[in-house]
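Undergrad: Pasting a structure below so you can have a look.
Just so you know, all these numbers are worked out from the coordinates, no wet-lab data involved. Since the model is a prediction, treat every value here as computed from it, not as a measurement. Quick reminder, even Gly has a Cβ in these numbers, built from the backbone with ideal geometry, and neighbours come from all protein chains shown.
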Amino acid sequence: MTRLYVINVLATQDLKEIADYYTGNNIEAGEKFFRQFDRRCEQLVSFPNIGRSYGEIRPDLRGLPLDGYIIFYRILGNGIEILRVVNARRDLPAIFQDQEP
């Protein structure tokens, strides 16, 4: 069975904002960030439990740090779903407050 990762709409918006930031500040750093992001997602597909549990925010929520951000995801039957990619200093519970599990 092939395992995969999917990036949902909110995470896509987060990644666009991150890309916009890097485009205006440091394109090389942005390219490095997105290469690392892709590697982290591939790691999560192979080892979905390497991320920390954020069960206090949402029962199925896990997260893995990346360069000042957290890749939030949930484990699916055949891979993972990237839910959000947010700055680690944000109010994390508030980010997921209005989202359905």
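Undergrad: May I ask you to verify whether residue 66 is hydrophobic (A, V, I, L, M, F, W, C), touching a residue at least 24 places away in the same chain (Cβ under 8 Å) and within 23 Å of residue 31 (Cα to Cα)?
TA: When the stated conditions are applied, residue 66 passes them.
Undergrad: Restricting attention to region 43-53, and to residues there that are surrounded by 13 or more Cβ atoms within 10 Å (Cβ to Cβ) and out of contact with any Lys or Arg (no Cβ under 8 Å at 6 or more places or on another chain), which single residue is nearest to residue 78 (Cα to Cα)?
TA: So, considering only residues that are surrounded by 13 or more Cβ atoms within 10 Å (Cβ to Cβ) and out of contact with any Lys or Arg (no Cβ under 8 Å at 6 or more places or on another chain), the one nearest to residue 78 (Cα to Cα) is 44.
Undergrad: Sort out which residues of region 1-17 are surrounded by 10 or more Cβ atoms within 10 Å (Cβ to Cβ) and free of Cβ contacts under 8 Å to residues at least 60 places away in the same chain, and write them in order of number.
TA: Hits for region 1-17 are 12, 13, 16, 17.
Residues checked against (1) within 13 Å of the chain's Cα centre (by Cα); (2) charged (D, E, K, R); (3) exposed (fewer than 14 other Cβ atoms within 10 Å of the Cβ):
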{"position": "19", "(1), (2), (3)": "no, no, no"}
{"position": "22", "(1), (2), (3)": "no, no, no"}
{"position": "27", "(1), (2), (3)": "no, no, yes"}
{"position": "31", "(1), (2), (3)": "no, yes, yes"}
{"position": "88", "(1), (2), (3)": "yes, no, yes"}
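Undergrad: Just to check your reading of the model, which residue among 57, 82 is surrounded by 11 or more Cβ atoms within 10 Å (Cβ to Cβ) and in contact with a Cys (Cβ under 9 Å, 6 or more places away or on another chain)?
TA: Step by step, each of 57, 82 is checked, and only 82 is surrounded by 11 or more Cβ atoms within 10 Å (Cβ to Cβ) and in contact with a Cys (Cβ under 9 Å, 6 or more places away or on another chain).
Undergrad: Taking the condition part of a loop (DSSP other than H, G, I, E, B) and under 15 Å from residue 86 (Cα atoms), does residue 18 pass?
TA: Answer is no for this residue.
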